[in-house]
Structures are given as structure tokens and as C-alpha cells.
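**Q** Quick one: this structure, given as C-alpha cells, is what I'll be asking you about.
What follows draws every value from the coordinates through simple rules; no lab data is involved. Remember, predicted model here, so these are calculated numbers, not experimental data. A quick note on method: Cβ atoms are made from the backbone with ideal geometry, for glycine too, and the neighbour counts reach across all protein chains shown.
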Amino acid sequence: MRLAAGASVTLRRLLMLVGLLAGLGLGGCALLPGSDAVRSPGDPFERYNRAMFDVNQKIDEVALEPLARSYRRYVPDAFRIVIHNFFENLSDLGTAVNQLLQGKLDLAASDLLRFGVNSTLGFAGLNDIASEFGLEKHREDFGQTLGRWGVPPGPYLVLPLLGPSSVRDGLGLVVDYRTDLTLYLTEDSTTRVATRALRIVDARERLLDATRMIDSIALDPYLFVRDSQLQRRRSLVWDGDPPPAPDERN
């Protein structure tokens, strides 16, 4: 009982902290001298964001993209599918927890059942048996949970290595990281690092075609990624049916 009460207090404090920081960010255009806040009111940290975007792009160009291309070229499709299924199965448990926190009990039960089916009949998630049974794949994270409970996203924020985010979603990543099951698969730190590295390469390989599209159609890749990310996250928070934005209301 004390544990449950303590968790409730911790969650309330985290919600207050995220709300405060996001609120400060929304009104914090003067926090970054010389920022482009007048031109981009939702991106008061644009100068920093563009610099970090360029750094991330360079790291991706030098390391991540070549690794992803080699992974696609040399690892057979069947093995890549099995590896991807394994990591996707681990994410289903976090999704179920966030569905529960958002009050979506039916979806939480479905995602938990999906995790159980794939972890057993699917041999630790290597096979996606649950999809064949009609259990749909969902994706929820703590940033979406905070948004669902009314915490504003705050300014757009490009995170080192992690890429496009926001103040709210960046803080949500802290919770997502601590609840990531890859942290608890083994006590060996080397194995944990290797597992997370493989997960990153798997995710990057899935984005190779999207990266090519952005490079070919976007005059300003930074703006394209920023606007796409903000729209995508808003849609995800409201399960594809977001309420009208303030500037869309009559």
C-alpha cells in the first residue's frame, strides 16, 4: 500500500515538473538570445536545434547510416525480421503500461495479451504470432501519456543522438529508458550495450528509405523533419484524431 502511494506521489510530482518546464519553454522565447522566435514561435531554440541537427546528421552520415546499409546488405532478411520482432515484442509491454496510465483499459489488455502470446508461443518474440491472431500492434510512450493528460509539449527540441523531440517528450524518454526491458535482459554491461546498439541499427535500417525521400524532396531538411515530427506526435497523443489546434478554432 505504501509503495502504491509513493508511486502515485512520484507520478504527480513528475507531471508537475514536466508541466512547469513545458510551460516555461512555451513562454521562454527570451531564453535563447538571438533565437528565431519571431519567425518560428514554436521553435524558440531554433539556433541550437539547427546546430544539433547538423551534428546528428554528421554522426548519422559517418556512422549510423553506413552501419544500417551494411546490416541490410549482409544480414539475410529472415534474420533481420526475427531481430526486429524480438525488439518490437519488448516494446509491447511498455505500450501496455502507458495504455493503462492513459485509462485505455481495453487496449492495455490487448497489448499485454499480445506481449504474452509472442513471448511464449512466439519464442521470446522472435515470431509475431499475435498479429496472426488479430492482436493489433500499438505504440505508446510516456511522452504520449503526459500529452494525453494535458501536459503541453513545450518547444521543439533536437536531442543529441536521439534527434527530434520536445521538452515534454524529452523528459518522457527518461521514464521510457528506465522501463526498457533491454536493460534487464542481462547483468553483463557489455551484452546490454551490444543489445542496445543492435536495436539502434535495426531501427536505423528501417528508416533508410525515408531518409532518401527527405534528402530528395526537402529544400530545408530541418524544417521538414521538425514540422513532420510535431504533427506526428500530436496525432499520436490523440490516437489519430487530435482536437483542433488553437489557431484552427473559430
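**Q** Tell me which of 138, 171, 218 sits at the most positive position along the dipole axis of the stretch 92-250, charges placed on C-beta atoms (Lys, Arg +1; Asp, Glu -1).
**A** Working it through, the farthest residue towards the positive pole turns out to be 171.
**Q** How big, in percent, is the set of alpha carbon pairs in the stretch 91-180 lying more than 15 Å apart?
**A** Distances greater than 15 Å cover 61 percent of the Cα pairs.
**Q** Sticking with this structure for a sec: Quick one: if the Förster radius is 30 Å, what FRET efficiency do residue 238 and residue 54 give, using the C-beta to C-beta distance and rounding to 0.05?
**A** For R0 = 30 Å, the calculated efficiency reads 0.40.
**Q** Which Rg and Dmax, in Å, describe the Cα atoms of the stretch 125-250?
**A** 17.2, 57
**Q** How do 179-188, 92-101 rank on mean C-beta neighbours within 10 Å, highest first?
**A** Ranking, from highest mean packing down: 92-101, 179-188.
**Q** Work out how much length residue 181 to residue 132 would gain on full extension: take 0.36 nm times their residue separation and subtract the Cα-Cα distance, in nm to one decimal.
**A** 15.3 nm
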